[in-house]
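Quick notes on the structure that follows.
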Amino acid sequence: ASVGNAPYFKVRIPAGAACNSDVQINVQIHADQGSWPGTSFTHTIGQLIPGNFTALNESFGSGIPATWTVVNGGSGGGAAATWTAANPGNRAIAPPMAAPVVIVDSDAAGLGPTQNEELITPALNLATTTSVTLEFDQFFNWYDFGNSEIGDVDVRSSATGNNWVNVLRQQNGDSPNPDHKTLNITAQAAGATNVQVRFHYYQAAFEKWWMVDNVKVTAVAPPACNNAVCTGAPGVAKAAN
């Protein structure tokens, strides 16, 4: 057998053909040496990329990832100085949270140190999205007789002018244990290329603790088509290989 000369075969595809649809191609061969019976096969046009996707899904099974940022803004050191996956106060963890979780433990830090602690996700590219949802599991344990510590969830991106915007404030009471939160952060995140979420625990000195697990960011975007169009003669579109 021998290989024919380029450009091999060109197939003209209708401009309105739907992405991920199949077209039937019928081939008949005619040459100086004769003709051969036709054959048929199908070819899929492009690859449909679904619009819904998960941009972040972190359960802290290996601790706090290096791509996340921890800001130790308080005073004092030690194992409980800031956000950690080490559980320095040996707190009980309620399912669906499971060790290791991330926790900032003011009670374990003891009398004297103050805490102003930030846990920040990596930047997420959500440029094509039309809606964005943040979910996580938590237990915010508040101390009745202290400094009225705060557990904030904030979002920043180009959509917020790169300023932190609060989407959840916890103060003056405990959350359920466990507590699953679902937050619509479309206004702060959709269409932006640099979305970050911050868990910010502050105004704390010998209070209690805040644990967080299973942080997930999901988004909706218009479906796209992955279709590498071959270069052909003017006016001729060819199916991708």
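Here are a few things to note about the model shown:
- Pairs with Cβ under 6 Å, 6+ apart, first in segment 27-46 and surrounded by 10 or more Cβ atoms within 10 Å (Cβ to Cβ), second part of a loop (DSSP other than H, G, I, E, B) and modelled with pLDDT of 70 or more: ILE45/ALA17; ILE45/SER21; GLY46/ASN227
- Among the candidates ASN163, ASN147, residue that is at pLDDT 95 or above and either assigned to a loop (DSSP other than H, G, I, E, B) or surrounded by fewer than 23 Cβ atoms within 10 Å (Cβ to Cβ) (or both): ASN163
- Tally, over segment 80-124, of residues that are buried (at least 20 other Cβ atoms within 10 Å of the Cβ) and not in a loop (DSSP other than H, G, I, E, B): 13
- Filtering segment 166-207 to residues that are part of a strand (DSSP E or B), over 18 Å from LEU124 (Cα atoms) and touching a Pro at 6+ places or on another chain (Cβ under 8 Å) leaves only HIS180.
- Only residues that are acidic (Asp, Glu) and at pLDDT below 75 were counted in segment 1-56, giving 1.
- In the set (1) under 17 Å from the mean Cα position of the chain (by Cα); (2) modelled with pLDDT under 95, the condition left unmet by ASP154 is number (2).
- Any hit, segment 153-172, residues being touching a Ser or Thr at 6+ places or on another chain (Cβ under 8 Å) and within 22 Å of ILE93 (Cβ to Cβ): no
- Residue in segment 210-221 that is open to solvent by less than 40 Å² (accessible area, probe 1.4 Å), outside any strand (DSSP E or B) and modelled with pLDDT under 95 present: yes
The values are calculated or read from the model by the stated rules, or taken from the named source; none is laboratory data. On a predicted model such as this, the values are computed, not experimentally measured, just so you know. Every residue, glycine among them, receives a Cβ derived from its backbone with ideal geometry; neighbour counts consider all protein chains shown. Keep in mind that these areas ignore ligands, DNA and RNA; they rest on the heavy atoms of the full protein, side chains included. Shrake-Rupley method; radii C 1.70, N 1.55, O 1.52, S 1.80 Å.
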